[in-house]
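Structure, as C-alpha cells:
The values are calculated or read from the model by the stated rules, or taken from the named source; none is laboratory data. Every value quoted in this text rests on a predicted model; they were computed, and no experiment measured them. Glycine gets a Cβ as well: all are built from the backbone with ideal geometry, and neighbour counts include every protein chain shown. Quick note on the areas: whole protein, heavy atoms, side chains included, nothing else; ligands and nucleic acids left out. Shrake-Rupley method; radii C 1.70, N 1.55, O 1.52, S 1.80 Å.
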Amino acid sequence: MGPQREEMLTGNMAAAWGARLARAEYVPAYPITPQTEIVETLAQWFADGTMQGKFVTMDSEHSMLTAAGAAAATGVRVFTATSSQGLLYAFEVLYTVAGWRVPLVLVNVSRALASPITLEPDHNDVLAARDAGFLQIHCETCQEVLDSILMAYKIAEDPRVLLPVIVNLDGYYLSFTREPVAIPSAEEAAAFLPPYEPHHAFFKASRPLAQGIAVLGGFIYSYFRYQEQLAARNALAVHDEVAAEFARRFGRSYGPVEAYRLEDAEYALVMSNAFATKGKAAVDLFRQRGERVGLLRLRLLRPFPHEAVQAALRGKRAVAVLDQNLSVGQGGITYQEVAAALYHEPSRPLLLSCIGGLGGKEISAGEFEEVLELMKEAAATGQVPGPQLLYTEGEQTQMAHLLDIAGKEWG
Amino acid sequence: MIRVRFHGRGGHGMKTASRILGTAAFLEGFRVQDSPLYGAERRGAPITAFTRINDHPILERGIITIPDLVLVADETLLEDPLANPFLGLHAGSLLFINSPTSTQAMAEAVAARHPTPARILTGDLTALTLEKIGKAQALSATVGAAACKLAGVIGMGALEKATRKELEELGLPSPLIDRNLEAALLAFEQTPRVPLASAPPQPAPLQGLVVPVYQPPARGTPSVAAPGNIILRKTGGWRIFRPVIEYDKCNQCWICFVRCPEGAISLDEKEDPHIDYDHCKGCLICVEECPTKAVVKEREVHAW
Amino acid sequence: MAIEHAYKKLKEISLEEFILPGTSTCGGCGGLEALRLAHKVLGKNVVFVNAAGCFTLLALFPFSPFKGSWLYTTMASAPAGAQGIRDALDLLIARGALSIEEDLQVIVLAGDGASYDIGLASTSGAIYRNLDFWYFCYDNEAYGNTGVQMSSATPYAARTTTTPAAVLTPEGTELPKKDLFEIWRAHCPPYLATVSPRHPLDLARKFEKAKAFKGPKLFIAYSPCPTGWHYDPGQTPEIARLAVETGLWALKEAVHGEVAHTYIPKKLKSVEEYLQAQGRFAHLFHPVRQEAALRKIREAITQYWAPYLRTMQNAK
Ligand SMILES: Cc1ncc(C[n+]2csc(CCOP(=O)(O)OP(=O)(O)O)c2C)c(N)n1
Ligand code: SF4
C-alpha cells in the first residue's frame, strides 16, 4: 500500500483531487452552486500547470456536456461537474453521450430543483438521470468522493462497460464540509488507472468514423440501446473487480451497497448519500438500547445491485426506505426500486416508504425514532401504511407562521 | 375488416388518398384507421399509407402486412425493393396498378416476374388525372376514388364529401378541388367492382426470442466505419423523369456536373458527363441548366 | 498560407466527390448542392459535427455518405461538440498520441433553425472562444426536417406550416428574417461569408480564402428547398440565381469584421420574379395581389443596397 497523506478537504475539493489523480485531460465547465468550487479548483490547477490538458468555460451545461462527450468520443479522458438545474439543463445530452458509449465522469453535487428555487440538497436532480445510460455512484463521505472518481474511470473505461458515470455528492453536507481525506500519491493513482486508449471511438484522418449516427427502425435502435443495458449490467462485476483492486492498493473497500450493523438486525433503514451518516447515528442509538436495527446504504444506483439488496435485507421483519426525493404523484423513487428487487424474495420484509430531507430538510433523531415506531407497528399488525413524509409538528407550526408573514390567506 | 395499402412516391398524394378512403368509410358509418409511413426520405422515395375499415373497433395498429387491397400509384414501384407492394398479398386480395397497360398484359407480366396469388387489375388513372387536373402526379383524388370503389362499401356521396374535405384541409383552391372531384367521380365510375375476401386469421408461430449478448464495443456501438458506403443504397428509383445526355450537343462545359446536388454526374477523361442512374433522383437540374440543351428529360421507362 | 486555387473558372472545381450519392435528401436540395461544392474545397480530412435537421439523415445506419468523419450531437449544441473535438485533437497531437497528419478540420453542419434559433448561444460561445472551426449553415429559411415550420430565418411574407397565410395573417410570416450575418459579425470572427450554390466559384474562392485563417470560419449558404418553398426541384439553381440578382441574397464576406460584397448585381431584378416562382409566396399574388406586403419587400431590398449602390455610383 502506497503512501497516502491525509488532508482536510471539502467534498468539492475531494472531487477536484479525484479528477486530478485520474489525470483528466479535458474539463469543460460551467458554474453552479454548490458545485463551483470543483471547477474553480481545476481551473487553477490547469492554469498553474499542476494538471496537463485543457480547462474551458462553456456557455451552458448543455454545451458543456456536449463538449465533454465529443472530446471523449475523440479519445481523451474527460471530467466535468454540475448540479441540479445544470444537470437538467443538459438532460438530452445525458442520453446522447451515453449512447456514444464514452466513458467520461460527471460529478453531480445534488441540490433540490426549482420551483421553489433553493440551494440545499435532495436527489431529484441525480435520480432524474437514472434512465439515461450513465452509471451512478452516490457518496456518503468526502473520502468516498475522491475514491469513487478514480474507480469510476476504471469502471467506465473497461471495454466491458464503456458508459459514462455520474459520481454524486450532496450539496452543502459534503460539498462544503471538510473532513480528513487520504490522498493517494500520483504514482499509485496512475498504477491503478492506466491511460485511456479507446478502440471504438476516435476521430482521425486515416480511419474515418461516423459516430452518433441516426438510425431508423425499432430493431436497430433496440439493439444499440440494449447494448447499453448489457454494458451497465456488466458493470456490476467490473465494479467488484475494480473495488477489490482499489482495496488492495489503497486499503479502503467499497461495495455496491454498504451494510451497516445489518447482520442480526430485525429492522432496517435504507438510505443513500450524506444523510446515511445521520441514519447510522440513529442505528447506533437504537443499538445502545438493544434494538436490533441496521442500515443499508445504496451506493451504486446504476447499475442497480438487485442481488446485493436482496442479500442485505433478507430475513428482516420490516424495512423503511428513506427517500430524499419525490416522484410527484408516485412517492419515493428508490422505494420502488428496492421493492422491485425484493419482490421475488420468498419471505420478503414489510417495506415502508418515508420521504425525508427534501430541499435539505434536517432529519432529526426524533424522526428516526418515529420511523422505527412505524416499522414496529407494521411488524405487529402486518399492515404497511402509505408513504410517510418526515415533517415534524414543530416545523409545521413554524411554516404556518411564515405563511402568515407572507400574507397568505386561508381559502 | 378491409385492409388497404397504398404505394406511391412522395408527391403522389398517397397519404391523402388513404385519408379520402378513410374519411369516406367513416362517413359510411364504419370504424376506420388511416396512417402514412414516413421513412428517412424527405421527398421522392417510396411511401406507403394504410387504411383499415371495419364494422367494429379495430384491434390493429401500424403497418399492414397482409392487405386485402393494394393500390400502386406508379408501376415502377413494382420493382422497387424498398416499396415491396407484393408483401403479404393472398388469394382473396386485389392488386390495383395505375397503368395504361391492360389488366391481361399486366397479369401476365406480373406472373412472369413476380408471381402472386392475388388478382391483378389495372386502370389508367394518370391519363384521367392529366386530362382533368393537368398534373400527372396529383393522384390523390383518383387513386382515392378507385380505392373507394374497390373497397366495395362506399357510395358516390361519401366519396364526394370525403374528397372535398381532405382537399380543403390541404388548402387547395376551390376551382382545383372541383376539377379533382370531377376526376374522382370519373375514376369511381370507371373502376369495376371486384369482390375482396379478407385473409383468414393467420396463426402466429413462435418467433424465437434471443438472449441478447454484449458485443465488443468496436462492433456494438452505433457508428459506421465504412466511409462512403451509402453508395450501396440506390435512389434511382425515385425518378419520375430521367435526364438523358445527347452527346452530340454536349460542349463539355461542366455545368451539369457542378450543379448536380447528388454528385451523380461524373466527367470522363474527355470531359463528357455521365449520369449515375443508380443514384440520380431525377431532380432535372441538369436538364434545366444545360446551356446547349444537351440534357433532355424522358419519362422513366416502365419496367412492367 | 498561399492560396492553392484561384477558382477563376468552373474547370478548377475538383472532380472528386466527398459526399457520395444515395442519401435521403430531397432531389434538387440546394443545401446539399452547396455543401457538396464546399466539401470539394475542404477535402476529405474533415469531421462534421451535426445539429438536428434534414442533414442529420445524410448518415443513416448502416450507411455513411462521407469520406470523412461525422458526429451527430443535438440540435442546440453542435458548436460545443466542435469545441470538444477540436480541443481533444489538439491535446492528442500535443502529447504525441496522434500525428499531425491525422488532424481533421472540424465543421459544424447545421440548418437555419439550429443556427438562428436554438443553437445561437452555443455558436456565440464557440466564436467568442475563438474556436478554430468551420461553420456551415445551410439556410433553407425554415425548419425543414420537421415539415417546414417558421424559423427566425424565414423571410417576411413566406408561408410556412406555422405561419399560414390566413384571414388574420394574410402575409404568412409577419416578421423579417433575422440578420445572422450581422450577429456573427458582431463577434468579429476572422472570416465570415455568405455563399450560394448557384455561384460555385464565389463559393469555392471563399472556402479557399478562409483556409488561411485560424479561428471561426463561418458560412451561411443560401439553400433553395423545393419541398419547403414549393417549386419544381429542377428550378433550384434558377431560384438561387434570382435571389442574388434581385438583391435578396447578398454575396459577401467579412474579414475580421470588415464587410465586402463579392458580387453586386449591376441592376437589381424585380423581386416579383423571384417571389412568383415559389409556392411559399403565392398568396402574395392570388387571389388578390398584396400590394403593401410587396412594397415592404421591395423597400427592404432598396434600403439594404442603397449604401453599396451609391458607393458604386461614386466609384464610376
Ligand atoms: C431540442 C430539440 N428540439 C426540437 C427538435 C426537433 N427538430 C429536429 S430537426 C428540426 C428542424 C431543424 O431545422 P433547421 O435547423 O432549419 O434544419 P433543416 O431541418 O431545415 O435542415 C427540429 C425542430 C430536436 N431534434 N431537438
Ligand atoms: S426539405 Fe429542403 S433542405 Fe431538407 S432535404 Fe429537402 S430540399 Fe433539402
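Things worth noting here:
- Residue list for the stretch C:9-26, filter: open to solvent by 10 Å² or more (accessible area, probe 1.4 Å) and within 12 Å of ligand 2 (Cβ to nearest atom): C:Cys26
- Apart from one condition, B:Ser174 fits all of (1) assigned by TED's automatic domain parsing to the domain that holds B:Thr65; (2) at pLDDT below 90; the exception is (2).
- Whenever a residue of the stretch A:66-81 is more than 7 Å from chain C (Cβ to nearest Cβ) and under 23 Å from C:Gly96 (Cβ atoms), its partners that are buried (at least 24 other Cβ atoms within 10 Å of the Cβ) and hydroxyl-bearing (Ser, Thr, Tyr), lying with C-beta atoms within less than 6 angstrom and at least six residues away or across chains, give the pairs A:Val78/A:Tyr26.
Residue-by-condition table, conditions (1) within 16 Å of ligand 1 (Cβ to nearest atom); (2) in a helix (DSSP H, G or I):
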| position | (1), (2) |
| --- | --- |
| C:Pro21 | no, no |
| C:Gly28 | yes, no |
| C:Leu32 | yes, yes |
| C:Leu35 | yes, yes |
| C:Val41 | no, yes |
| C:Trp70 | yes, no |
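- Some residue of the stretch B:3-22 being without any contact (Cβ under 8 Å) to a residue 12 or more places away in the chain and among the hydroxyl-bearing types (Ser, Thr, Tyr): no
- The set of residues in the stretch C:129-161 being near ligand 1 (Cβ under 7 Å from one of its atoms) and within 14 Å of chain A (Cβ to nearest Cβ) consists of C:Asn145 alone.
- When residues of the stretch C:50-67 are limited to those that are within 7 Å of chain A (Cβ to nearest Cβ) and open to solvent by 10 Å² or more (accessible area, probe 1.4 Å), the one nearest to ligand 2 (Cβ to nearest atom): C:Leu57
- Lone qualifier among B:Ala147, B:Ala158 - being closer than 17 Å to B:Lys15 by Cβ, out of contact with any Pro (no Cβ under 7 Å at 6 or more places or on another chain) and of a type in the set (A, V, I, L, M): B:Ala147
- Condition met for A:Val293 (touching a Lys or Arg at 6+ places or on another chain (Cβ under 7 Å) and surrounded by 24 or more Cβ atoms within 10 Å (Cβ to Cβ)): yes
- Checked against (1) within 30 Å of B:Glu169 (Cα to Cα); (2) within 16 Å of ligand 1 (Cβ to nearest atom); (3) within 14 Å of chain B (Cβ to nearest Cβ), C:Pro164 meets all criteria but (2).
- Residue check, A:Thr57 in contact with a Cys (Cβ under 7 Å, 6 or more places away or on another chain) and open to solvent by 10 Å² or more (accessible area, probe 1.4 Å): no
- Top-ranked residue of the stretch A:82-95 - restricted to ones that are assigned to a helix (DSSP H, G or I) and either touching a helix residue (DSSP H, G or I) at 6+ places or on another chain (Cβ under 6 Å) or surrounded by 24 or more Cβ atoms within 10 Å (Cβ to Cβ) (or both), ranked as farthest from the other protein chains (Cβ to nearest Cβ): A:Ser84
- Taking the numbered list (1) over 24 Å from A:Ala71 (Cα atoms); (2) within 16 Å of ligand 2 (Cβ to nearest atom) in turn, C:Ala6 passes all entries but (2).
- Some residue of the stretch A:151-168 being out of contact with any helix residue (DSSP H, G or I) (no Cβ under 9 Å at 6 or more places or on another chain) and open to solvent by 10 Å² or more (accessible area, probe 1.4 Å): yes
- In the stretch A:51-65, the residue that is nearest to A:Ala22 (Cα to Cα) out of those that are facing chain C (nearest Cβ under 7 Å) and not aliphatic (A, V, I, L, M) is A:Gly53.
- Yes/no for B:Arg219 being at the interface with chain A (Cβ under 10 Å from one of its Cβ atoms), surrounded by fewer than 12 Cβ atoms within 10 Å (Cβ to Cβ) and either under 27 Å from C:Thr73 (Cα atoms) or touching a residue at least 24 places away in the same chain (Cβ under 8 Å) (or both): yes
- Unique residue being at negative phi and touching a Lys or Arg at 6+ places or on another chain (Cβ under 7 Å) when the list is A:Pro164, A:Pro159, A:Pro121: A:Pro121
- Count of the stretch B:254-279 residues which are in contact with a Gly (Cβ under 6 Å, 6 or more places away or on another chain) and either assigned to a helix (DSSP H, G or I) or not charged (D, E, K, R) (or both): 2
- Residues satisfying the stated conditions in the stretch A:169-196, i.e. out of contact with any Gly (no Cβ under 8 Å at 6 or more places or on another chain) and either surrounded by 18 or more Cβ atoms within 10 Å (Cβ to Cβ) or under 30 Å from A:Phe224 (Cβ atoms) (or both): A:Val181, A:Ile183, A:Ala189, A:Phe192, A:Leu193, A:Pro194, A:Pro195
- From the list A:Val76, A:Val109, the lone residue that is within 25 Å of A:Glu187 (Cβ to Cβ), open to solvent by less than 10 Å² (accessible area, probe 1.4 Å), touching a strand residue (DSSP E or B) at 6+ places or on another chain (Cβ under 8 Å) and not in a helix (DSSP H, G or I) is A:Val76.
- Identity of the residue in the stretch C:68-88, in contact with a strand residue (DSSP E or B) (Cβ under 9 Å, 6 or more places away or on another chain) and of a type in the set (Val, Ile, Thr), that ends up farthest from ligand 2 (Cβ to nearest atom): C:Ile85
- Members of the stretch A:216-236 that are part of a helix (DSSP H, G or I), in contact with a helix residue (DSSP H, G or I) (Cβ under 9 Å, 6 or more places away or on another chain), hydrophobic (A, V, I, L, M, F, W, C) and without any contact (Cβ under 8 Å) to a residue 60 or more places away in the chain: A:Leu230
- Here B:Ala49 meets each of (1) more than 29 Å from C:Thr25 (Cβ to Cβ); (2) of a type outside the set (Ser, Thr, Tyr); (3) buried (at least 24 other Cβ atoms within 10 Å of the Cβ) with one exception, condition (1).
- Pick from the stretch A:217-253, criterion within 14 Å of chain C (Cβ to nearest Cβ) and out of contact with any Phe, Trp or Tyr (no Cβ under 8 Å at 6 or more places or on another chain), ranking: farthest from A:Val145 (Cα to Cα): A:Gly217
- Output for the stretch C:1-19, where each listed residue is in a loop (DSSP other than H, G, I, E, B), closer than 20 Å to C:Trp134 by Cβ and facing chain B (nearest Cβ under 10 Å): C:Ile13, C:Glu16, C:Glu17, C:Phe18
- Residue count for the stretch B:222-239, restricted to those that are open to solvent by less than 30 Å² (accessible area, probe 1.4 Å) and more than 8 Å from chain A (Cβ to nearest Cβ): 7
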